[in-house]
Amino acid sequence: MRIAVVNNFFPPRPGGSSHLAAALAARYVAAGHEVLVLTAAYRDSPAEEERDGYRVVRVPAMPMPQLGLAIDFDMAFTMARPGNRRRVNRLLDEFKPDVIHQHGQFFDLTWLSGWYARRRGIPVLLSVHTRLESPDPKYMALFKALDRWLVKPILRRYRPRYVIMDELCGAYCEQRYGATKDEFEYLPVAVEPSRFEAPPTRDVRAEYKVNDAPLIVSLGHVIQLRDRLALVEGLPAILAKHPRTKVMVVGRVYYDAFLKRAEELGVSDAIISTGAVPPADVPSFFAAADIVAHDLQGGGFGTASLEAMAAGRATIGTITETNFPAVELRNWENFVLARPNDPKDLAAAVIRLLDEPQEREWIAKAQRELVHANFTLDVVARRHLDVFARMTAGR
């Protein structure tokens with residue numbers, strides 16, 4: 001097959017969907033298929049390049065202005081640049097895709113390639129990585145309006161099949177976009193465990209003077225939907241039992257309420273905010289961790305958390321045991337669950353893991369095995385290719 005992969009986010013831009021799109025593209029090529037990647041221009045990255053056996057074309061784009069708002073994010077818009085619609089059409093016409101795999105429902109390259117697919121009768125698979133939601137009522141109202149009046153009409157015109165990564169994603173697509181279960185493909189997010197098998201390249205504990213203190217690593221950009229407030233508010237109870245504990249927040253801080261709350265609670269000395277780090281350094285940060293706690297507001301369980309499990313670190317989530325279709329989660333057997341936005345419950349889970357190092361290691365081993373059985377790139381890529389085969393049958 002000829003598979004066009006479309007994502008405004010692509011390496012070297014950091015982010016879960018960015019690296020998943022690249023990794024899946026490489027797996028498609030390894031399975032004998034041709035791949036073209038269309039993405040948005042990013043800083044000084046080349047306009048075109050060959051990597052892992054496929055061609056990457058970066059379409060001219062305009063960065064989103066940073067206005068100091070809680071929803072500021074590092075993304076770029078291709079439709080703001082004249083001629084890009086013709087450019088995308090020409091690139092796809094030259095490539096002649098059998099199927100288009102889109103990442104991100106509210107990116108403008110998704111829309112451009114969707115309009116193209118509708119005119120050419122090409123099937124489309126859409127991976128919904130991020131739900132447009134916010135705990136802030138005014139932003140939530142804005143996001144619902146954008147979904148209703150902009151995203152939904154576009155999607156309904158070219159009718160993709162939806163990659164549903166968890167139960168929250170399925171409910172979101174039904175409620176916001178009027179999608180039905182007949183349009184769903186249940187494919188979990190994928191990670192590459194081999195990234196975490198080599199020895200760490202950085203001594204994170206020494207660099208940040210953590211030494212042998214208990215360390216909770218929380219990896220990923222800080223936004224309102226991943227605000228780390230529950231972790232900070234649970235810290236007084238954790239420190240009362242384990243006073244040397246440190247919390248290391250690894251990622252760019254777009255929303256700093258957790259730092260202000262730490263000052264109010266008098267726990268700022270226990271917080272280490274590293275800023276963004278290169279993806280190649282992520283295994284070193286996980287290797288330094290005793291516990292990983294990232295997705296704490298009931299908004300799902302993302303790539304960073306699954307990677308922590310793949311790295312063999314006890315990882316706390318605030319999802320349900322039925323979160324992943326066809327994957328069985330059992331609390332305190334192959335997973336650690338806490339209630340969303342509940343500092344007391346989160347602190348209790350952290351304290352139990354720190355109190356019982358043998359149980360912590362046993363849980364971490366079970367979580368790692370869970371990832372190897374269900375969430376590796378090889379497993380998930382094969383399932384994507386099976387979906388593409390069904391979608392293109394008879395064309």
Please sort 35-42, 313-320 by packing, taking for each peptide the average over its residues of neighbouring beta carbons within 10 angstrom, highest first.
313-320, 35-42
Accessible solvent surface per residue of the chain, calculated while the other protein chains remain in place, 1.4 angstrom probe, Å²:
43 Å²
How many angstrom lie between the C-alpha centres of the stretch 337-377 and the stretch 262-289?
18 Å
ALA206/ARG2 FRET efficiency (R0 51 Å; Cβ-Cβ; nearest 0.05)
0.55
Dividing the alpha-carbon radius of gyration of the stretch 293-395 by 2.2 N^0.38 Å (N being the number of residues), what value is obtained?
1.24
Quickly rank 4-12, 345-353, 366-374 as a protection proxy: mean count of other C-beta atoms within 10 Å, highest first.
4-12, 345-353, 366-374
Using per-residue counts of other Cβ atoms within 10 Å, averaged over each peptide, order 213-220, 188-195, 251-258 from highest down.
213-220, 188-195, 251-258
How large is the translational diffusion coefficient of the stretch 1-125 in µm² per second when you combine the Kirkwood radius over alpha carbon pairs with Stokes-Einstein at 10 °C and 1.306 mPa s?
109 µm²/s
Dimensionless Rg ratio for the stretch 147-274, taking C-alpha atoms and the 2.2 N^0.38 Å reference:
1.46
When the chain is fully extended, how far beyond the present Cα-Cα distance does ALA141 get from GLU174, taking 0.36 nm per residue of separation?
10.1 nm
Under 30 Å from LYS344, Cα to Cα: lysines that are on another chain or at least 8 residues apart:
LYS138, LYS209, LYS241, LYS246, LYS260, LYS365
Using Cα atoms only, what is the angle between the long axis of helix 167-177 and the major principal axis of the chain, expressed in degrees (0 to 90) to the nearest 10?
40 degrees
Mind putting a number on the dipole of the chain about its Cα centre? Charges go on the C-beta only, +1 for Lys and Arg and -1 for Asp and Glu, and I need it in Debye to the nearest 20.
1680 debye
For the stretch 221-252 and the stretch 89-105, write down the distance between their C-alpha centroids in whole Å.
42 Å
What part of the accessible area of the chain, given as a whole %, is carbon or sulfur when the probe is 1.4 angstrom?
52 percent
How far is helix 16-30 tilted off the main Cα axis of the chain, in degrees rounded to 10, range 0 to 90?
60 degrees
Rounded to the nearest 500, what is the chain's calculated 222 nm mean residue ellipticity when only DSSP H runs of at least 4 contribute -39500 (n - 2.57) each, over all residues?
-12000 deg cm²/dmol
How many percent of the alpha carbon pairs in the chain exceed a separation of 38 Å?
19 percent
Rounded to a whole number, the Stokes-Einstein D of the stretch 180-245 in µm²/s (Kirkwood radius over Cα pairs; 25 °C; 0.890 mPa s) is 153 µm²/s
Could you work out the per residue convex hull volume over the alpha carbons of the stretch 211-310, in cubic angstrom?
95 Å³
Relative contact order as a percentage, the chain, C-alpha pairs under 8 Å and 6+ apart, gives 14 percent
Rounded to the nearest 10 degrees, what's the angle between the helix 229-241 long axis and the longest principal axis of the chain, both from Cα atoms, 0 to 90?
20 degrees
Length gained when the stretch ARG252-GLU359 is fully extended (0.36 nm per residue, less Cα-Cα span)
35.3 nm
Two-decimal Rg to Rh for the stretch 321-375 - Kirkwood Rh, Cα set
1.00
When we measure straight from the Cα of LYS181, which aspartates and glutamates land under 16 angstrom away, once same-chain ones fewer than 8 places off are left out?
ASP166, GLU167
Determine the distance separating the Cα centre of the stretch 38-66 from the Cα centre of the stretch 381-395; give it in Å without decimals.
27 Å
Give me the one-decimal nm value for the distance between modelled label points at ASP182 and ALA389, 7 Å along each residue's Cα-to-Cβ direction.
2.5 nm
Measure of exposure for LYS260: accessible area at 1.4 Å probe, Å² rounded to 10, is 120 Å²
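The values are calculated or read from the model by the stated rules, or taken from the named source; none is laboratory data. For clarity, every value in this text was computed on a predicted model and none was experimentally measured. Using ideal geometry, Cβ is built from the backbone for each residue, glycine included, and neighbour counts are taken over all protein chains shown. These accessible areas exclude ligands, DNA and RNA; they are computed on the full protein's heavy atoms, side chains included. Shrake-Rupley method; radii C 1.70, N 1.55, O 1.52, S 1.80 Å.
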